[in-house]
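The values are calculated or read from the model by the stated rules, or taken from the named source; none is laboratory data. What you are looking at is a predicted structure, and each value in this text was computed from that prediction instead of being measured. Quick reminder, even Gly has a Cβ in these numbers, built from the backbone with ideal geometry, and neighbours come from all protein chains shown.
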Amino acid sequence: MRYFVTGATGFIGKRLVKRLLERKGSVVYFLIRKASEDKVAGLRQYWGASTARVVPVFGDLTSKKLGVSAADIKLLKGQVEHFYHLAAIYDLGADEASQIEVNVDGTRNTVELAKAVDAGHFHHVSSIAAAGLYEGVFREDMFDEAENYEHPYFMTKHESEKIVRAECKVPWSVYRPAMVVGDSSTGEMDKIDGPYYFFKLIQRMRQLLPPWMPSVGLEGGRINIVPVDFVVDALNVISHQQNIERKCYHLVDPQGYRVGDVLDIFSKAAHAPKMNLFINAALLGFIPRSITKGLMALAPVRRVRNAIMKDLGLPEDMLTFVNYPTRFDCRETLAALKGSGVECPNLKEYAWHLWDYWERHLDPDLHIDRSLRGTVGGKVVLVTGGSSGIGLAAAHKFAEAGAITLICGRDQDKLDTSCDEAKGRGYTFVPYKVDIADATDCEAFVQQVNANHGGVDFLINNAGRSIRRAIESSYDRFHDYERTMQLNYFGCLRVTMGLLPGMVAKRKGHVVNISSIGVLTNAPRFSAYVASKAALDAWTRCASSEFADQGISFTTINMPLVRTPMIAPTGLYNNVPTLSPEEAADMIAQACIFKPVRIATRLGITGQVLHAVLPRVAQIAMNTSFRMFPDSTAAKGAKLGDKPAKQHLSAEAVAMQQMMRGIHF
């Protein structure tokens with residue numbers, strides 16, 4: 001048996017050729033462009049066939065008679081018993097001109113070649129898209145009844161099939177596969193298409209929510225999915241049968257699933273939250289088109305929509321087909337496959353193979369360098385307060401990752417010690433002695449950074465001051481609030497606003513502001529500290545909105561309690577579970593890599609939600625903790641050199657410390 005195959009290098013075509021070669025004495029001629037000649041050896045190896053059994057025919061789908069030479073046509077004439085046409089664009093996002101050139105003109109050129117070589121039978125692999133968006137059940141004997149196929153993909157599939165039906169001079173058969181996904185046994189797939197577009201959304205849900213939490217899904221029309229191995233096996237069986245001339249076969253799942261069911265099946269395969277409640281997308285149809293059009297005319301609405309679609313990897317037209325209205329009858333296919341052992345497997349049984357392969361091989365995030373070195377290597381990073389604690393730990397991470405790491409601080413000895421430590425590890429810091437709370441000193445520092453380094457790519461606003469003192473102990477200490485605000489708020493703003501013009505000029509830059517979990521929990525005794533950090537948080541939210549279209553992003557880290565010299569004066573923190581500076585530095589690194597708007601612990605978010613939903617309950621809880629933990633000796637007014645009084649905590653206080661890791665008490 002001799003075959004000719006177009007699209008033999010494609011996802012379906014490669015597998016079909018392999019099946020055809022399993023037939024004794026078979027020879028396969030396959031179309032390939034001359035520029036791709038170097039791929040022939042690899043294809044032969046994949047097929048496990050000799051040069052005598054797989055023969056390349058050089059040509060091009062967009063040329064008359066596929067650009068096959070007269071000599072090759074003469075050689076093939078009368079030799080091809082089965083001619084399979086699989087070459088096409090299967091992509092909703094492809095431009096209309098390309099789809100017309102390949103799907104429509106390419107099919108006409110293929111039909112011409114089949115006639116020129118006197119092929120025995122022409123097998124055209126079409127698609128269920130040829131039916132357009134037909135309302136109801138589309139049978140295998142229907143074609144002209146197709147409707148609503150204005151979209152380029154649907155239109156070109158319909159027109160290419162029309163060419164076969166009207167212009168093909170040799171006996172023909174048409175096969176309409178449903179949405180083709182990976183192999184049902186291995187999950188192997190070559191691209192993201194169809195249901196795969198929703199995998200990123202499911203993955204995000206799994207990352208954010210525990211698997212037991214019910215979630216809301218999107219309900220719509222029915223979607224028909226078939227694995228590639230079923231399509232190939234069915235095509236192989238049916239195409240070799242008798243009495244198939246001028247017939248069409250729907251290679252579809254006889255059952256089919258609603259969109260919501262498909263999403264739920266893949267959510268289960270991904271161990272993501274189960275979708276218990278579905279919103280029917282058809283409800284969106286009740287919104288007048290004029291209102292929808294008016295909303296999309298607003299620039300902010302378009303930007304939000306485009307950002308969401310881009311973030312989830314969804315093509316522009318994907319949501320148009322959520323309410324897919326067509327169901328496909330496949331009785332001719334079922335009859336042709338009866339007794340062959342070929343049948344479409346249940347999606348629930350192989351969905352996990354598809355998910356596993358996608359997550360291991362096709363997830364777009366796999367091809368993005370998410371390492372710290374890939375993010376900051378060769379970039380200028382400034383860490384304020386970088387001579388100790390969190391700042392120093394972060395500076396080491398950046399320098400190890402190949403960043404030009406600038407650190408600043410008030411104490412020259414600490415800066416020198418930090419630089420010596422860096423040299424001992426095989427890299428260097430660029431130190432700057434500055435008090436960013438001093439306006440004149442800070443201005444000179446920013447000018448120096450801009451002059452020496454051309455600004456910075458990443459700014460880590462880490463320098464800060466914390467004061468743990470109850471308000472009732474601060475009536476005569478208003479300077480506590482002033483000096484905290486000078487450093488934590490005004491100091492950070494001076495540095496940031498001094499470096500922002502350079503970022504704007506380059507249209508890139510990222511600012512990480514180290515805030516506090518206390519801003520979320522409204523921690524007692526930290527009114528001066530929390531107020532200054534809350535001010536910085538509010539400024540950051542405003543700034544992020546202003547600079548969102550200029551390539552500059554901001555991350556606020558609501559940092560929990562970290563064991564640094566800043567908390568050393570508070571003796572009761574000695575046995576409190578805290579983060580290490582290295583763990584805090586990891587959070588800063590993640591902020592630079594992924595650039596989220598906010599990083600916070602679950603405990604911090606819980607506190608924020610409690611204050612928003614049940615503010616009175618939150619106040620009672622925080623007041624209880626306030627009375628449970630005493631002021632430090634220093635906060636009570638002890639003088640320098642006084643021996644700190646030993647503090648005794650109740651069993652309840654110790655228990656709360658252990659439960660509320662990272663909370664300021």
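Can you pull out every residue in region 354-411 that is of a type in the set (A, V, I, L, M) and not in a helix (DSSP H, G or I)? It would help to see each step written out before you state the result.
From region 354-411, those of a type in the set (A, V, I, L, M) are 354, 362, 366, 368, 372, 376, 380-383, 390, 392-395, 399, 401, 403-404, 406-407; that's our starting set.
Within region 354-411, Ile368, Val380, Val381, Leu382, Val383, Ala401, Ala403, Ile404, Leu406, Ile407 meet the criteria.
Would you call Ser50 modelled with pLDDT under 95, part of a loop (DSSP other than H, G, I, E, B) and either in the same structural domain as Met155 (by TED's automatic domain parsing) or among the aromatic types (Phe, Trp, Tyr) (or both)? Step through it out loud before you land on a result.
On the way: modelled with pLDDT under 95: yes; part of a loop (DSSP other than H, G, I, E, B): yes; either in the same structural domain as Met155 (by TED's automatic domain parsing) or among the aromatic types (Phe, Trp, Tyr) (or both): yes.
Answer is yes for this residue.
Filter region 412-432 down to the residues that are touching a strand residue (DSSP E or B) at 6+ places or on another chain (Cβ under 7 Å) and either surrounded by fewer than 13 Cβ atoms within 10 Å (Cβ to Cβ) or in a strand (DSSP E or B) (or both) and list them by number. Even if it seems obvious, please write down each step before you answer.
As a first pass, look at region 412-432 and keep what is touching a strand residue (DSSP E or B) at 6+ places or on another chain (Cβ under 7 Å): 412, 415, 418-419, 429-432.
Result: Gln412, Val430, Pro431, Tyr432.
How many residues does region 50-66 contain that are farther than 17 Å from Ile100 by Cβ and in contact (Cβ under 8 Å) with a residue 24 or more places away in the chain?
Residues of region 50-66 farther than 17 Å from Ile100 by Cβ: 50-59, 65.
Okay, now just the ones that are also in contact (Cβ under 8 Å) with a residue 24 or more places away in the chain, so 52-59, 65.
Qualifying residue count for the region: 9.
Spot the failing condition for Asn558; the list is (1) crowded, with 23+ Cβ neighbours inside 10 Å; (2) assigned to a helix (DSSP H, G or I); (3) at pLDDT below 95, and only one is missed.
So Asn558 meets the others, but not (2).
Restricting attention to region 437-467, which residues are under 21 Å from Ala585 (Cβ atoms), assigned to a loop (DSSP other than H, G, I, E, B) and not polar (S, T, N, Q)? Outline the logic, then answer.
Quick first cut of region 437-467, residues under 21 Å from Ala585 (Cβ atoms) only: 456-466.
With assigned to a loop (DSSP other than H, G, I, E, B) added as a condition, the list becomes 456-457, 462-466.
Once the filter is applied, which keeps residues that are under 21 Å from Ala585 (Cβ atoms), assigned to a loop (DSSP other than H, G, I, E, B) and not polar (S, T, N, Q), region 437-467 yields Val456, Asp457, Ala463, Gly464, Arg465.
Would a scan of region 569-590 turn up a residue that is modelled with pLDDT of 80 or more, crowded, with 18+ Cβ neighbours inside 10 Å and not in a helix (DSSP H, G or I)?
So far as region 569-590 goes, no, none of its residues is modelled with pLDDT of 80 or more, crowded, with 18+ Cβ neighbours inside 10 Å and not in a helix (DSSP H, G or I).
Which residues, taken from region 354-397, are without any contact (Cβ under 8 Å) to a residue 40 or more places away in the chain and buried (at least 22 other Cβ atoms within 10 Å of the Cβ)?
Ala395
Would you check which residues across region 344-353 are surrounded by fewer than 18 Cβ atoms within 10 Å (Cβ to Cβ) and part of a helix (DSSP H, G or I) and list them?
To start, the set of residues in region 344-353 that are surrounded by fewer than 18 Cβ atoms within 10 Å (Cβ to Cβ) comprises 345-346, 348-349, 352.
Correct list: Lys348, Glu349, Trp352.
Can you find a residue that is part of a helix (DSSP H, G or I) and assigned by TED's automatic domain parsing to the domain that holds Ala351 anywhere in region 160-178? It would help to see each step written out before you state the result.
Residues of region 160-178 that are part of a helix (DSSP H, G or I), as a first pass: 160-167.
Checking the rest, the ones that are also assigned by TED's automatic domain parsing to the domain that holds Ala351 come to none.
No, region 160-178 contains no residue that is part of a helix (DSSP H, G or I) and assigned by TED's automatic domain parsing to the domain that holds Ala351.
Of these, Asp118, Asp91, which one is of a type in the set (Asp, Glu), at pLDDT 95 or above and surrounded by fewer than 20 Cβ atoms within 10 Å (Cβ to Cβ)? Steps first, please.
Numbers: Asp91 fails: at pLDDT 95 or above.
Answer to the check: Asp118.
Quick one: what pairs do we get from region 407-423, first residue assigned by TED's automatic domain parsing to the domain that holds Asn461, second acidic (Asp, Glu), C-beta under 7 Å, 6+ apart or different chains?
The qualifying pairs are Arg410/Asp435.
Within region 111-148, work out how many residues are within 24 Å of Leu61 (Cβ to Cβ), among the aromatic types (Phe, Trp, Tyr) and assigned to a loop (DSSP other than H, G, I, E, B).
1
Among the residues of region 143-152, are any in contact with a Gly (Cβ under 8 Å, 6 or more places away or on another chain) and buried (at least 22 other Cβ atoms within 10 Å of the Cβ)?
Looking through region 143-152, none of the residues is in contact with a Gly (Cβ under 8 Å, 6 or more places away or on another chain) and buried (at least 22 other Cβ atoms within 10 Å of the Cβ).
Here are some residues: Val430, Val449. Which one is within 21 Å of Ala505 (Cα to Cα) and in the same structural domain as Pro581 (by TED's automatic domain parsing)? Steps first, answer last, please.
Working: Val430 fails: within 21 Å of Ala505 (Cα to Cα).
Exactly one of Val430, Val449 is within 21 Å of Ala505 (Cα to Cα) and in the same structural domain as Pro581 (by TED's automatic domain parsing), namely Val449.
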